[in-house]
Each structure stands twice: as structure tokens, then as C-alpha cells.
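Down below is the structure, laid out as C-alpha cells.
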Amino acid sequence: MGLTRPEAKVAVSETKLRVLEMATWSPDTPCSCDCFVSVSPASAIPSVIFAKNSDRPRDEVQEVVFVPAGAHSPGSRLQCTYIEVEQVSKTHAVILSRPSWLWGAEMGANEHGVCIGNEAVWTKEPVREGEALLGMDLLRLALERSSTAQEAVHVISGLLERYGQGGSCREDPTPFCYHNTFLLADRTEAWVLETAGKLWAAQRIQAGARNISNQLSIGTDISAEHPELRSHALAQGWWDGQGTFDFAQVFSLTQQPVRMEAAKARFRAGCELLQQQQGSITAEVMMDILRNKESGICMDSGGFRTTASMVSILPLDPKKPCVHFLTATPDPSRSVFKPFIFGVGAAQVPQVLSPTFGAQDPVRILPRFQTQVDRRHTLYCGHQAALGLMESGQERGQQLRQKQRDLEQEGLEAVRGLLASKQTSVLQELGSLFQAFVERESQAYA
């Protein structure tokens, strides 16, 4: 089933369409994301567990989009956020959590159990001018084209080489550009892929826990790299060619901007939280980490906040389904992680799909982002009203928070039972699981 979006009318009056007022936005405004992965023996169960908080401009809406597998004609072209790329003959089904104005995604998974999250990073390699593929476009393309995490590394590195990365990553007339790091996982292992322009280094994670937080983190343990990575560093005078090559040390900025200094603290906090739970990491543990406000992992700072979150369970046993919990709403500490499973009946859930504006979308009109439209989806609107009540401390807000907890616990218990079961016939009925939980959450806010 293809995407069916709510009808949307382009607002043209001053009351429904306003000029953006963020042209003086500072590049040192906090901008963050945090990705986590647990591989045996760090996981409490025989599964890889993946998690991400997407921290974005606080009023940006993230939608959850289901795209079925597809077959494409030879020579087909694919429109991404800013540029077209050559389409492949077959693409995998994906579930995506994405800022609703763009084509790519902040995080997502595919039908083969591959999960990817991306992060902004700034290095000594300059950010290119002009528009190319966003890191979020690279993420979606890799999910649609890969059946393992390692294959996804190859897809992203190949697309980087051919098309490059670039373009504004924010719905704002003032460009905001960065390079990207990625955490990629499947049922058996994980990879960290860190980029600087078209250059890259990758690290394979086959055991233990790992996290990334808006900074280069691959040191000397490099499993794969761009063939010109070291020669470029040598030519630029960043490395003398002697001794062990440390990617993070060589390519990181000598003087870090405020945003990256803050990321160091979050990275250390994330490492400590994972270390404390070594051998007992579950989906619930990952959810608790994503909700940790003291560390800044659950972001709420000035113009930025955690706008969506995701946790995935990727069982080693291929007979068991992968389960992806998505919030589709901001602030995981007051949101519901709802389970999604690829299966018969999986389809787009309309309550978490934003309106679309076609050719008159501000992202399509040049110069871009001169106006703003209302991209809120149904669940987002209901959640925002509930969030206000919960923040006020009123009894009604406390009741709503308890309903959230109860609904999430019901989903977790259902998933535990499913993964413990030896029956596979029930999988035929699980494609509509996410839909059911979204509808119940929406009803709680009504």
C-alpha cells in the first residue's frame, strides 16, 4: 500500500503562513542527537538492541512513514530532498521517523532488520557549498537498498563518492549544514560510520555496547576506510604519516565549537549509562537512557529538543520478528514507545503522517524556506495538548501520563510474550500492531 496523506491546503494568509524569524540563528546553538547499540554479551537477551533520540528544532514535526518494498524500471530517477539520484531495481520496505519537510529520515529500519541513525558532525574538512544528499537522505537510501548493516556502510560510502553530502538540514532560510556520522545495526552486529565530506572511516562492533554523540569517535580501531583518507590527511598537514593513524584525532577540529563541547559530555554520560547496564541491556533500559534529562540525552535546551525517539529489538534468531518502538512525538519522557513489526497488513498509519503541500511547499519554492506551513499530524496535535497538561502538574495531566505508561507497558509485555513464543503463525497478524497503539494513544488524548 502506498502513502495516503491527509488533505492539506497551502495557507497563504498572514494568519496561517508566517515568515520565519530565525535568520539570526547562531551556528553554536546546541544541536544534538544520541545513538546507542547493544550487542551480545551486553544485551540481556540474544538480540542486538538499537536506540536513538533525534534532537532537532523544537517546533519541527517528525512523522512516521511506512514505505512498502518496490520494483523500479531501468533508468528510473529518484527525487531526494534536493537532488535526484539513480534508482535501483528493487527497494526494501522501510519504517522511517523523519522531519516532515524532507525526503530522508533521522532514523529507521527495514524489513531485513537493518536499523540506522545519523548525527551531525563538524570536522576539519569544510562543508561543501551547494545542495547534494543530506545525511538523512543517505540513511533512507541505505535502508531501502541494504539487507545487512555492513552492506548499508557500502551503500552510503558509494553514494558519498558519487553524489557527495550537502545542503541545509533545517527548515530555515539561513543555511545549516553539516557532515554526518551513522550508527548501523542488524541482527548480528553493528557498525559506526563517520564521514568528513566524501571521506570516511568505519568501525565494526561485534560485541559490547557503543554510542555516538555529534563527534568523531573512531580512533585507531578502523575496520574499513576511504582509500584516500590517509593520503588526504597527509596532504593537508593534519597527519605526519608517522605512527598509528587516529581518525578522530586527525580529523576533529582543533578548536571545538560550543555544540561539540556539549556533545563530549553527552557522549561520556551515554558511555557510563551503557557501562552500568552491561549484560542486562533491554529495550526498557534503552528507553530509560533516552529519557535521561540530567545528562542532556533527553534534550530540551533553548531552540532544540528531542523531537522523536526509537528503540529496536533485533533478535539473533531469524525466525523471530524484529520490533521497532517509535514515539512519533517529542520528549520521550512524556511519550509512548509504540511497537511496529513488518508483516502482513503493515501500512501507513494516517494519524502520524503530516500534511503535504506539493509544488507550493516552502522546500520546493526557490529561494527555499521563505515561509512556513503547519506540518503537524493528528497524533502530534493531541500529544502537544496533553504535554501542556502534564507540564502544568494538573490532575488531568497526571492521569494522561499514567495512561501513557500503561499503554507502553502493555506494548512491552506483548512484545516479550511474542519473542518468547515458539509460534510463528501469529506473525501474520502483527502488521497492524503499530496502528492499534497509535489509535489508542490518540483516543487517550481526545
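The values are calculated or read from the model by the stated rules, or taken from the named source; none is laboratory data. Quantities reported herein were computed from a predicted structural model and do not represent experimental measurements. Cβ coordinates were reconstructed from backbone atoms using ideal geometry, including for glycine residues, and neighbour counts include every protein chain displayed. Please note that ligands, DNA and RNA were not included when accessible areas were found on the heavy atoms of the full protein model with its side chains. Shrake-Rupley method; radii C 1.70, N 1.55, O 1.52, S 1.80 Å.
Okay, here's what the table says:
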| item | result |
| --- | --- |
| Rounded accessible area per residue of segment 185-257, 1.4 Å, Å² | 43 |
| Where the Cα pairs of segment 237-290 fall when distances are cut into 10 Å bins, in % | 19, 32, 27, 19, 4 |
| Stretchable slack from Gln370 to Glu429, in nm (0.36 nm times residue separation minus alpha-carbon distance) | 16.7 nm |
| Fluctuation leader among Ala120, Ala196, Ala207 - the chain, Gaussian network, Cα springs under 10 angstrom | Ala207 |
| Longest exposed-site-free window of the chain, the sites being GluC sites (Glu not before Pro) in a DSSP loop that have at most 14 other C-beta atoms within 10 Å | 295-446 |
| Segment 83-211 - convex hull of alpha carbons, volume per residue in Å³ | 105 |
| Cα-based equivalent ellipsoid, segment 49-157: semi-axes from gyration tensor eigenvalues, Å | 21, 18, 15 |
| Label-to-label distance, nm, for residues given as Asp317 and Thr174 (7 Å Cα→Cβ offset) | 5.4 |
| Of all accessible heavy-atom area on segment 246-382, the percent that carbon and sulfur account for (1.4 Å) | 52 |
| Using a Förster distance of 22 Å, the FRET efficiency for Ser147-Thr220 (Cβ separation, nearest 0.05) | 0.15 |
| Label-point gap, in nm, between Asp406 and Val88 - each point 7 angstrom along Cα→Cβ | 4.5 |
| Read-out Rg and Dmax of the Cα atoms in Å, derived from the coordinates shown; its label in [x] 30.0, 95; [y] 22.3, 71; [z] 20.9, 65 | [z] |
| The chain: relative contact order as a whole-number percent, Cα under 8 Å and 6+ apart | 21 |
| Stokes-Einstein D in µm²/s, Kirkwood radius over Cα pairs - segment 275-381 at 10 °C with 1.306 mPa s viscosity | 95 |
| Max mean-square fluctuation residue, GNM over the chain, Cα-Cα springs under 10 Å, options Leu134, Leu407, Leu353 | Leu407 |
| Simple spin-label estimate for Val344 and Arg396 in nanometres, 7 Å along Cα-Cβ | 4.3 |
| 11 Å reach of a label modelled at Gln276, 7 Å along Cα-to-Cβ, counting backbone N of segment 290-317 | 292-295 |
| Restricting segment 305-338 to trypsin sites (Lys or Arg not before Pro) in coil, as DSSP defines it, with at most 13 other Cβ within 10 Å | Lys319 |
| Kyte-Doolittle mean at least 1.6 and Cα axial length at least 20 Å: DSSP H helices in the chain | none |
| Per residue accessible area in Å² of segment 259-312, where ligands, DNA and RNA are left out and the probe is 1.4 Å | 39 |
